[in-house]
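The values are calculated or read from the model by the stated rules, or taken from the named source; none is laboratory data. This structure is a prediction, so every number in the text was calculated from the model and none was measured. Positions of Cβ are backbone-derived with ideal geometry, glycine not excepted, and every protein chain shown enters the neighbour counts. Areas reflect the complete protein model, heavy atoms only, side chains present, ligands, DNA and RNA absent. Shrake-Rupley method; radii C 1.70, N 1.55, O 1.52, S 1.80 Å.
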Amino acid sequence: MTANPSLRSDSRRIFSTEDAMRLAQRRQPQLVHDFIEGAAGREVASLRNQTRFDAITLQPRVMADVAERSLKTTLLGQDYDLPFGIAPMGMCNLAWPGADQAFAAAAQGYNIPVCLSTAASSSIEEMRGWADENAWFQLYVGGPIEQALDLVQRAQHAGYKNLILTVDVPQVSRRVRDLRNGFQVPFRIGVKQFLDFATHPQWALTTLLKGAPEPKNFKVEGGGSKFDRGASRAGADWAFLDRLREIWKGNLILKGVSSTEDAQRIQRAGADAIYVSNHGGRQLDSAPAAIDALPKIREAVGPDYPLIFDSGVRNGEDIIKALALGADFVMLGRPFLHAVGAEGARGVNALIRILAEDASLALAQTGLNDVRTVSPQILVAGQQPVVQESLPHDATK
Ligand SMILES: Cc1cc2nc3c(=O)[nH]c(=O)nc-3n(C[C@H](O)[C@H](O)[C@H](O)COP(=O)(O)O)c2cc1C
């Protein structure tokens, strides 16, 4: 399937990211679903990420020879079979026990990247062992700088080639759903949380059996953790970037960029790629949709500078739209957690197949047979994505 996305999927229930979310929500405690799906403030930015995608239209083209199509691409010197991958996310094993391993196996099997978060529930060394060269490492600079540099050294030592420095979390934002649910890591189990777990027994028992997830890279010998989720992560400043650029010999990617000025300065500082993202709307509720920032950043950094994109991608057509608007590669966050929450490894495989098939069909409809030839020309000429931005409801309820 990797080279030639098949129409088959082993899942009989997941045919879209929406299916995965619905099925996952049934199995997961509300507190877990809300941690994954939630966003900053009133969740306007999260919604906007998706509605702006919906407003972009692709121009169908007819009678091209598109019987054979390829989704293979190259990024930062590495070949991938598909133009998308798994975004870095903290505590993935909360979505379903063993999520990290399922992601790693899928990344290997489909030859796509999987990004391990600083706040992951698996260690740097474990992920590299499972996913080999398909594993990337994502760094937060929270707490003492030495702690972050120690993680970088571990990543280097483990053989990672790609390091993502996430810079859009100077401080973790207020996420109303988490506050309402009393979400904390490690869990604080009061009556409300107990009832939530008790009414989702499959998740609760499996999690109990495998052990509650914890930030594995911060384990202290003899018990406890050095990870402070609420600590400022503003240590990732311009001076740190210079320092990191000297230390890190592999590819350095800056994630969470949406300003053209920042993008140009990062490019001048010697980063190998920029990862355009608004963190899936989880940081600044008034942030522009990431897809609106993308073409401006493409223009600012020039045609050849590598750009990765995430935030709001929900299907294969969105992937093609992001590529048309200037991305070289696309990542997805929540859909992968929903897929693993819905059906474990089978759900992850189903999602990848669906996205690949969908992207491949979008190529056919726009008259292309190679994803590397996607350009702004496939967008409907002169379109200005304009959408209604008022919320139909209070998304945080
Ligand atoms: C549950 C969850 C945890 C996340 N944790 C991290 C993280 O540890 N590091 C990071 O750089 N981004 C993190 N992100 C942001 C994702 O990498 C990505 O930018 C975002 O999910 C993309 O938006 P999407 O969910 O609409 O695809 C997290 C996102 C979610 C949903």
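Structural remarks
- Evaluation of residue 117 against (1) among the small types (Gly, Ala, Ser); (2) buried (at least 24 other Cβ atoms within 10 Å of the Cβ); (3) within 12 Å of the ligand (Cβ to nearest atom) (one fails), failing number: (2)
- Applying the condition of being at negative phi and surrounded by 15 or more Cβ atoms within 10 Å (Cβ to Cβ) to segment 246-257 and asking which residue is nearest to the ligand (Cβ to nearest atom) yields 255.
- Flag if residue 346 is over 30 Å from residue 42 (Cα atoms), modelled with pLDDT of 95 or more and either touching a strand residue (DSSP E or B) at 6+ places or on another chain (Cβ under 7 Å) or basic (Lys, Arg) (or both): yes
- Residue satisfying condition, being modelled with pLDDT of 95 or more, more than 28 Å from residue 34 (Cα to Cα), open to solvent by less than 10 Å² (accessible area, probe 1.4 Å) and hydrophobic (A, V, I, L, M, F, W, C), within set 320, 308, 291: 320
- Test: residue in segment 26-36 that is crowded, with 16+ Cβ neighbours inside 10 Å and away from the ligand (no atom under 15 Å from the Cβ): yes
- As a summary of the residue check, residue 76 satisfies the conditions (1) open to solvent by 20 Å² or more (accessible area, probe 1.4 Å); (2) within 14 Å of the ligand (Cβ to nearest atom); (3) touching a strand residue (DSSP E or B) at 6+ places or on another chain (Cβ under 6 Å) except for the one numbered (2).
- Residue check for residue 49: among the polar types (S, T, N, Q) and touching a Phe, Trp or Tyr at 6+ places or on another chain (Cβ under 6 Å): no
- Scanning segment 303-325 for residues that are more than 11 Å from the ligand (Cβ to nearest atom) and among the hydroxyl-bearing types (Ser, Thr, Tyr) returns a single hit, 305.
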